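The values are calculated or read from the model by the stated rules, or taken from the named source; none is laboratory data. All values reported here derive from a predicted model rather than from experimental measurement. Quick reminder, even Gly has a Cβ in these numbers, built from the backbone with ideal geometry, and neighbours come from all protein chains shown. SASA here: full protein model, heavy atoms, side chains in, ligands and nucleic acids out. Shrake-Rupley method; radii C 1.70, N 1.55, O 1.52, S 1.80 Å.
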Amino acid sequence: MADELRGRGVAILATDGVEQVELTQPREAVEQAGARVTLLSIHAGEIQSMNADIDKGDRFTVDRLVSDVSGDDFDALILPGGTVNPDGLRVNSDAVGFVRDFVRSGKPVGSLCHGPWTLVEADVVRGRTLTSFPSIRTDIRNAGGNVVDQEVVTDQGLVTSRDPNDLPAFCSKIVEEFAEGRHRAPTEA
């Protein structure tokens with residue numbers, strides 16, 4: 001089953017402070033399934049990853065600016081965590097608008113750890129069930145989301161996990177959901 005994502009374009013939206021393993025493992029999983037991956041960010045050049053939010057990790061070259069693309073350019077989206085990464089994304093109107101439009105389109109999205117902060121800012125968690133790192137669960141509830149404490153949660157193509165320990169289950173599930181393609185858009189509910 002190494003070709004289930006052949007011909008599909010997957011965007012990873014991240015900025016400085018992204019948790020390295022939350023960028024690299026999902027990227028490897030979808031690439032091994034045949035997807036073309038594009039790293040989007042809010043600034044050009046490279047982004048600095050982190051290990052456990054404290055130690056600098058590798059730098060990753062940005063492929064495209066989120067301000068220069070549309071959700072129509074991709075079949076699926078990954079929102080990795082790290083504390084600083086989604087905090088930077090959620091104050092950027094281009095990133096928030098891209099995420100809002102992408103989720104509303106019904107295309108599949110995978111987000112883990114602190115990544116759902118951007119989903120909260122995009123106002124797309126209302127009525128959805130998801131999980132996250134414990135410290136942002138109140139934000140999700142306040143935005144109308146239903147939070148559960150599980151390794152991986154799927155709600156109409158939205159895949160979420162709690163932290164790097166959940167990466168094996170998360171990576172497996174995003175490949176499955178991304179292969180299924182577009183789901184019923186939440187606005188159609």
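Could you give the length gained on full extension between ARG6 and ALA52, defined as 0.36 nm per residue of separation minus the Cα-Cα distance, in nm?
Stretched fully, the ARG6-ALA52 segment lengthens by 13.3 nm.
Looking at the chain as a GNM with Cα springs under 10 Å, which of GLN150, GLN20, GLN48 has the largest mean-square fluctuation?
GLN150
Could you tell me which label, among (1) 32; (2) 27; (3) 39, carries the value of percent of Cα pairs over 24 Å apart calculated for this structure?
(2)
In the chain, what percent of the accessible surface is made up of carbon and sulfur (1.4 Å probe, ligands and nucleic acids excluded)?
With neighbouring chains kept in place, the figure for the chain is 43 percent.
Give the accessible surface of the chain per residue, rounded to a whole number of Å², with probe radius 1.4 Å and ligands, DNA and RNA excluded.
Value for the chain: 42 Å² per residue.
Which of these, GLY34, GLY110, GLY45, has the largest mean-square fluctuation under a Gaussian network model of the chain (Cα springs below 10 Å)?
Highest fluctuation among the options: GLY45.
In debye, nearest 20: dipole of the stretch 1-155 around its Cα centre with unit charges on the Cβ of K, R (+) and D, E (-)?
In total the dipole reaches around 380 debye.
Starting from the Cα gyration tensor of the stretch 53-153, take the square roots of the eigenvalues, sort them a ≥ b ≥ c, and report rounded, prolate or oblate (rounded when a/c is under 1.5, otherwise prolate if a/b is larger than b/c, else oblate).
oblate
With contacts defined as alpha carbon pairs under 8 Å and 6 or more residues apart, what's the relative contact order of the chain in percent?
Rounded, it is 21 percent for the chain.
Normalised by the empirical 2.2 N^0.38 Å for globular proteins, what value does the Cα Rg of the stretch 1-91 take?
Normalised Cα radius of gyration, the stretch 1-91: 1.05.
Rounded, prolate or oblate: which fits the stretch 1-47 when a ≥ b ≥ c are the square roots of the eigenvalues of the alpha-carbon gyration tensor, with rounded for a/c under 1.5 and prolate only if a/b beats b/c?
Oblate shape, in that a/c is at least 1.5 and b/c is the bigger or equal ratio.
May I ask for the Rg/Rh ratio of the stretch 101-173, computed from Cα atoms with Rh as the Kirkwood radius, given to two decimals?
The Rg/Rh ratio comes out at 0.92.
What is the gain in length, in nm to one decimal, between GLN150 and SER67 on full extension, counting 0.36 nm per residue of separation less the C-alpha to C-alpha distance?
26.5 nm
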